[in-house]
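What follows is a short report on a single structure.
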Amino acid sequence: MKLGFSASCLALFVLTAVTPMASATSDGALVLRNVTIVNVERGRLEPRRDVVIVGDRIVGIQAGGTVQAPKQGRVLDGNGRFLMPGLWDFHVHVFSAPGEEDFALPLYILNGITGVRDAGALRTLPEQQSVAAAIERGERVGPRLVLAGALIDGPPGSWPGQMVAASPDEGRQRVRDSKAAGWGFIKSYSLLSEPTYLAIADEARRQRLPLYGHIPESVRLQTAVAAGHRSIEHFGRVTQACASEERAMISANAQALKAPEPFPALMAVMMGHNGRTLQSWDGERCAAVVKRLASAGVAVMPSLMVSDFYLGKDPAADDPRMRSVPSAVRAQWREGDWRRQQIPPELLAQAPKSVALDWRTFKIAHDAGVTMLAGTDAAFANPFLFHGYTLHDELARYVEAGLTPQQALLTATVNPGRFLARRDLAGRVSIRQRADLVLLDGNPLEDIGAIRRIHAVVANGRLFDRAALDSLLRDVEERAAR
Ligand SMILES: [Zn+2]
């Protein structure tokens, strides 16, 4: 039994709940009565518990039915339900289009996602920070926002609004600029040259800013690992590193980037890489690659759902999730995307094999101890990657690829908190943890699909019961239809 909180202690907290300080973030104490706690770390259940929340923290856990109802505050009956830590989506773009956050943020809460890492935006850092602060104060509905969008690319830059560095000196300067602007992470992007990337990595270390992001196309995976890359975004580069032709492919990219028109030149050589990876993927080599990742503590954000787009597995027009996407964005998604149009048919035909190889490599990497951070790349700019909903599909895919439901859940609960070195966000339902929780109608350790059956969400101590979640959804759908 995991008590450790005496009745008198609890009474004290329930008392403090009525003081203005505590009610700033919640309307007094919240008691989740008779829940079954899902211990994701240990993969087991702790039945019949009362969980007491004051402000934004869990302050008590007792045997079910033993906590007195607070005079002010709320009691939610959790009998027969499962309380798990709130989920993280560790790769989203909440600000990729004007007004996107007004739709995206409530959709995360609706789906039990109480934290997201934003991996790049069109909006300035102060604008993003003011949204994050409003959420934290309870003035806006949304998940915790980890702002990680200081993107540095090589010339000419892949997206509008990115920082571009054409030389090692420029790379160092961009890192110092990012530090001065208040960014907490540096994100590297695909077109950086190797010398510039290495200078960025070195300067990021000096400035104590964790480096994550795309491994540039001209840099080998093991070079990035040695340079201190903290999390690799998207899985493809791990699979490619398992191919004996990796070095040849990377040097072809580096040559292409020296062409007068680097972007089309790079695209042209990269068209052949999927085939070369399929041909020269080598299990022994792969074991060594993933062992190196695991021992260096480099995490990977797999975003396996992204491949559905290349497989042409678009959701049906009447998919209910489409109703929460603004009509203009929906139309844009349906038009077909330039990314798919650019791909030659023979390459699209190869996609199922490439995807299967990614899944296989993913499972090998996971079993070798590589830390996975669940993420989706959800953004209005990325067709059919839905804010909120797609994370459920992503976790289900990990199970399809061979993980247990517990292992899949770890990637979206425990691992993100560890990556952020946040002991108060350890992905645990226990005392002193921030109250980021999801109450489910089913046991997610048995069936990963249970994460879709949400009865209530607690985000930073704020309760959203089923009625509140339904009204959030109605509001999003009404605005999306306009
Ligand atoms: Zn992204």
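The values are calculated or read from the model by the stated rules, or taken from the named source; none is laboratory data. Everything numeric in this text was worked out from a predicted model, so none of it was measured. Backbone-built Cβ (ideal geometry, glycine too); neighbour counts: all protein chains shown.
Brief remarks follow.
- Subset of region 100-154 [of a type in the set (Ser, Thr, Tyr), modelled with pLDDT of 95 or more and more than 13 Å from ASP436 (Cα to Cα)]: SER130
- Of the listed requirements (1) away from the ligand (no atom under 16 Å from the Cβ); (2) free of Cβ contacts under 8 Å to residues at least 60 places away in the same chain, GLY43 misses just one: (2).
- Taking the listed residues PHE82, PHE90, the one that is of a type in the set (Phe, Trp, Tyr), touching a residue at least 40 places away in the same chain (Cβ under 8 Å) and closer than 30 Å to GLN129 by Cβ is PHE90, with no other qualifying.
- Residue in region 187-200 that is away from the ligand (no atom under 16 Å from the Cβ), closer than 25 Å to GLN128 by Cα and in contact with a Gly (Cβ under 6 Å, 6 or more places away or on another chain) present: yes
- Qualifying positions in region 372-428 - under 13 Å from the mean Cα position of the chain (by Cα) and of a type in the set (Asp, Glu): ASP377, ASP393, GLU394
- Of the candidates THR376, THR371, THR361, the single residue that is within 16 Å of the ligand (Cβ to nearest atom) and not charged (D, E, K, R) is THR376.
- Scanning region 54-68 for residues that are buried (at least 21 other Cβ atoms within 10 Å of the Cβ) and small (Gly, Ala, Ser) yields GLY55, GLY60.
- In region 375-391, the condition of being polar (S, T, N, Q), surrounded by fewer than 22 Cβ atoms within 10 Å (Cβ to Cβ), in contact (Cβ under 8 Å) with a residue 12 or more places away in the chain and touching a strand residue (DSSP E or B) at 6+ places or on another chain (Cβ under 8 Å) is met by no residue.
- Wholly within region 68-153, strands (runs of 3 or more DSSP E) carrying at least 3 residues that are within 16 Å of the ligand (Cβ to nearest atom): 87-92, 113-118, 144-147, 151-153
- Considering the conditions (1) within 16 Å of the ligand (Cβ to nearest atom); (2) over 19 Å from LEU293 (Cβ atoms), ARG423 is excluded by exactly one of them, (1).
- Selection from region 343-375 of residues that are hydrophobic (A, V, I, L, M, F, W, C) and at pLDDT below 95: ILE343, LEU347, LEU348, ALA349, ALA351
Conditions (1) more than 30 Å from LEU304 (Cβ to Cβ); (2) of a type in the set (A, V, I, L, M), marked per residue:
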position	(1), (2)
GLY60	yes, no
GLY86	no, no
PHE95	no, no
GLU100	no, no
ILE113	no, yes
ASP118	no, no
GLN128	no, no
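Yes or no, residue by residue, for (1) surrounded by fewer than 16 Cβ atoms within 10 Å (Cβ to Cβ); (2) over 25 Å from GLY86 (Cβ atoms); (3) free of Cβ contacts under 8 Å to residues at least 60 places away in the same chain:
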| site | (1), (2), (3) |
| --- | --- |
| GLN129 | yes, no, yes |
| GLU136 | yes, no, no |
| VAL141 | no, no, no |
| VAL146 | no, no, no |
| PRO155 | no, yes, no |
| MET163 | no, yes, yes |
| ALA180 | yes, yes, yes |
| GLY184 | yes, no, yes |
| LEU191 | no, yes, no |
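- Members of region 354-371 found to be under 17 Å from the mean Cα position of the chain (by Cα) and surrounded by 24 or more Cβ atoms within 10 Å (Cβ to Cβ), listed by number: PHE362, VAL370
Yes/no matrix, rows are residues, columns are (1) within 16 Å of the ligand (Cβ to nearest atom); (2) in contact (Cβ under 8 Å) with a residue 60 or more places away in the chain; (3) buried (at least 22 other Cβ atoms within 10 Å of the Cβ):
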residue: PRO210; (1), (2), (3): no, no, no
residue: GLY213; (1), (2), (3): yes, yes, yes
residue: PRO216; (1), (2), (3): yes, yes, yes
residue: ILE232; (1), (2), (3): yes, yes, yes
residue: GLN240; (1), (2), (3): no, no, yes
residue: SER244; (1), (2), (3): no, no, no
residue: ARG247; (1), (2), (3): no, no, no
residue: ILE250; (1), (2), (3): no, no, yes
residue: ALA254; (1), (2), (3): no, yes, no
